[in-house]
Amino acid sequence: MIPGTAWLVLFFLAPLAIIWAISFGENTSLVKTEITGTLDNYWRALSDVVYLKIIWKSLWISLLSTALCLAIAYPISFLISFAKDKWKPLLLMIVILPFWINLLIRTYALIAVFRTRGFANFGLEWIYNTLQLDHLFGAFEPLPLLYNNFAVIAGLVYVFMPFMVLPLYASIERLDKSYLEASLDLGASQSRTFWSVTVPLTMPGIVSGLILVFIPMLGSFLTPDLLGGTNAQMIGNVIERQFKAANDWPFGAALSFLLMYVTFGALAIRSVLSGRKSGMEV
Amino acid sequence: MSEPIISIRNVNKEFPGVMAVDNASFDIEANEFFALLGPSGCGKTTLLRMIAGFETPTSGEIIIDGQDISHVPANQRPVNMVFQSYAVFPHMSVIDNVGYGLKVTGVPANEISTRASEALERVKLGNLANRKPDQLSGGQRQRVALARALVKRPKVLLLDEPLSALDAKLREQMQLELAHLQEDVGITFIIVTHDQDEALSMADRIAVMHEGRVDQIAAPDVLYEQPHNRFVADFIGKVNLFEGTVTGARGKTVSIDTAGLGKVQVPHAEAADGSVSLAVRPEKVRISKTAPRSKSVMGTKGRIADWAYYGDVSHMFVETEKGLRIGVIIQNETRKTVDAMDVGDIVHVYWSPEDTLLLNS
């Protein structure tokens, strides 16, 4: 217990407390920050509509990416879980494999895929020409896939997919398949069985996947920075800039904590909702 | 006889490298309590799952009430199943579990609630309708699974090892209850079990399965007293087996030369030759320190090697000079029965030739 607690205090709670304290301070010189108990940093973040807009945008981009992650990861997890036992380790390996490559390199690889003369546009052009659409609509125009919200969402979904697949796979794998057979046996269709039995019984995996993916997405800065260009930045980029380029630690700290309060709020809403739901069913 | 409710016709099921069900053909009558009995891996569960629609036969037909349902999906078959694990949905209350099968087929809400309540009353769970499954005991969960299947009014109810997860006392009680329930609702029950007591006490007829094949289908008493072959004799109840060779036959009596019992004559209706097995149930064997007075009995002499005391009965094993080991079950009729003999005593064991079965090896 003691080493674990010490580790947590030293490397997690203490730094967090320092940042929290700094969020109530102000810069007195280029290299000095004084904690004066001021609320100016929070006031600045909440009063300037630019920051609220960026927080709002970060929220909806993260929510949409999380939803897409779930929609793609659920069938994948389902397939792995119902695959033959000898294939399962291999399929899981394929899901985890990208982790072995540095995030930065993976993100640059995505740039190579999405840019104007990238693999995605090459592929689309080939299909376009094969279908001979160029005779009908003129030559293929490369799609603007990079440096916009689409690129950020695609990048986030790609990067965080394994965090969604793994908890989903674990809960689907644990699901006793006779529940599904019982539902079919009682006359339910396949889709009815999915919505009335499979989804509710794998809800723990769905919820942990959503949390595992949504929270780091909300604070991510590398993916929007590289794929998003100037007009698609998220709150993570703003915070990063305060600590680095702008050298304004107090304001960066205040923004970090605002983001954390939003996250706490989301978790609280979730637990209230699930608590009320189970209260009704008893 | 009326039309059978289920006809299994030349049904085969092949899994990679294994013939799980090997040419099964039999009929099950309406309102019958039918048991599929066999050791694990004999194909009984596969056969049940083919009737339910969770496995497709490699070849052959399964006809329910005149309709070939071999390729009808599970959710459109007029059968319902009670799963070995019960599979009671943990996220629904008891009453919602029971109503589920009606709800998904579009039965109106008020009819669902009446029928579900009725079904719960029938399995004596009316007072637990709003409980969640995790608040129920294993026996209660099983009743929910039963009610959930019965509320659908299936033509056939399938039960996969329904009692295996219950403790001994509850299992005995549920055996009787299931038998009564079956009479009560008048639905054909097919039960899969590896427990011979379960099958013998509940079923009208039993199919004994062995390595994918159906060895014998008969009423419990016929199965026990007239098993067709060694496997059935050995699997149902306990049995002493003696190897021998047929030396001749006169009328309905067959002469056999056995290694352990010498030359014996047993009654047998059909012709027999070659090497055969003689079988006798241990409870039909008499044991005493004095030689039998009657000349019409057969048997031998030996030493009591083992003695297992069960309260109501004792199981004894007598070893003969020729290396036979003969099991004997005696009723402990009086308190003194057990004192009369002891391990190591030399005793006579004997039985009537009428109680001897001749089985083709």
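Observations on the model:
- Search result, residues across the stretch B:226-257 that are under 14 Å from the mean Cα position of the chain (by Cα) and closer than 20 Å to B:F34 by Cβ: B:P227, B:F231, B:V232, B:F235, B:I236, B:G237
- Single residue of the stretch B:73-100 satisfying the filter (over 18 Å from B:L125 (Cα atoms) and touching a Lys or Arg at 6+ places or on another chain (Cβ under 6 Å)) that is surrounded by the most Cβ atoms within 10 Å (Cβ to Cβ): B:N80
- Qualifying residue in the stretch B:118-134 (condition: in contact with a Lys or Arg (Cβ under 7 Å, 6 or more places away or on another chain), over 15 Å from B:N80 (Cα atoms) and surrounded by 24 or more Cβ atoms within 10 Å (Cβ to Cβ)): no
- In the stretch B:202-215, the residues that are surrounded by 20 or more Cβ atoms within 10 Å (Cβ to Cβ) and either part of a loop (DSSP other than H, G, I, E, B) or touching a His at 6+ places or on another chain (Cβ under 6 Å) (or both): B:A203, B:G212
- B:G244 vs. criteria touching a Ser or Thr at 6+ places or on another chain (Cβ under 7 Å) and assigned to a strand (DSSP E or B): yes
- Selection within the stretch B:124-149 - away from every other protein chain (no Cβ under 12 Å) and without any contact (Cβ under 8 Å) to a residue 24 or more places away in the chain: B:K124, B:G126, B:N127, B:S137, B:Q140, B:R143
- Test: residue in the stretch B:48-58 that is over 30 Å from A:V199 (Cα atoms), more than 9 Å from chain A (Cβ to nearest Cβ) and surrounded by 17 or more Cβ atoms within 10 Å (Cβ to Cβ): yes
- Just one residue in the set A:P200, A:P204 is free of Cβ contacts under 8 Å to residues at least 40 places away in the same chain, over 23 Å from B:G99 (Cβ atoms) and either within 14 Å of chain B (Cβ to nearest Cβ) or in contact with a helix residue (DSSP H, G or I) (Cβ under 7 Å, 6 or more places away or on another chain) (or both); that residue is A:P204.
- Single condition A:I54 does not satisfy, out of (1) surrounded by 14 or more Cβ atoms within 10 Å (Cβ to Cβ); (2) β-branched (V, I, T); (3) free of Cβ contacts under 8 Å to residues at least 40 places away in the same chain: (3)
- Some residue of the stretch B:153-174 being in a helix (DSSP H, G or I), closer than 29 Å to B:E198 by Cα and within 11 Å of chain A (Cβ to nearest Cβ): no
- All of B:S277, B:S314 fail the test of being crowded, with 17+ Cβ neighbours inside 10 Å, closer than 24 Å to B:D221 by Cα, free of Cβ contacts under 8 Å to residues at least 40 places away in the same chain and touching a strand residue (DSSP E or B) at 6+ places or on another chain (Cβ under 7 Å), apart from B:S314.
- Criterion (hydroxyl-bearing (S, T, Y) and either touching an Asp or Glu at 6+ places or on another chain (Cβ under 9 Å) or in contact (Cβ under 8 Å) with a residue 40 or more places away in the chain (or both)) met by exactly one of B:T320, B:T337: B:T320
- Scanning the stretch A:206-263 for residues that are closer than 22 Å to A:Y147 by Cα, among the aromatic types (F, W, Y) and modelled with pLDDT of 90 or more returns a single hit, A:F214.
- If the condition is being more than 9 Å from every other protein chain (Cβ to nearest Cβ), closer than 27 Å to B:I6 by Cα and in contact (Cβ under 8 Å) with a residue 40 or more places away in the chain, then the stretch B:83-123 contributes B:V98, B:G99, B:R122, B:V123.
- Counting the residues of the stretch B:321-354 that are under 28 Å from B:A272 (Cβ atoms), buried (at least 16 other Cβ atoms within 10 Å of the Cβ) and in contact with a strand residue (DSSP E or B) (Cβ under 6 Å, 6 or more places away or on another chain) gives 9.
- Residues in the stretch A:178-192 that are closer than 12 Å to B:M81 by Cα, crowded, with 19+ Cβ neighbours inside 10 Å and facing another protein chain (nearest Cβ under 7 Å): 7 in all.
- Only one of the numbered conditions (1) outside any helix (DSSP H, G or I); (2) at pLDDT 95 or above; (3) of a type outside the set (A, V, I, L, M, F, W, C) is not met by B:Y100, and that is (1).
- Residue within the stretch B:224-237 that is in contact with a Lys or Arg (Cβ under 7 Å, 6 or more places away or on another chain), farther than 30 Å from B:E29 by Cβ and not aliphatic (A, V, I, L, M) present: no
- When A:N121 is tested against (1) away from chain B (no Cβ under 14 Å); (2) more than 22 Å from A:T230 (Cβ to Cβ); (3) without any contact (Cβ under 8 Å) to a residue 60 or more places away in the chain; (4) not in a loop (DSSP other than H, G, I, E, B), exactly one condition is not met: (2).
- Condition met for B:R141 (among the charged types (D, E, K, R), assigned to a helix (DSSP H, G or I) and either touching a Ser or Thr at 6+ places or on another chain (Cβ under 9 Å) or crowded, with 24+ Cβ neighbours inside 10 Å (or both)): no
- You will find that of A:W195, A:W126, the residue that is loosely packed, with under 15 Cβ neighbours inside 10 Å, within 11 Å of chain B (Cβ to nearest Cβ) and of a type in the set (F, W, Y) is A:W195 and no other.
The values are calculated or read from the model by the stated rules, or taken from the named source; none is laboratory data. The structure presented is a predicted model; accordingly, all values stated were derived computationally and were not measured. Reconstructed Cβ throughout: ideal geometry from the backbone, glycine too, with neighbour counts over all protein chains shown.
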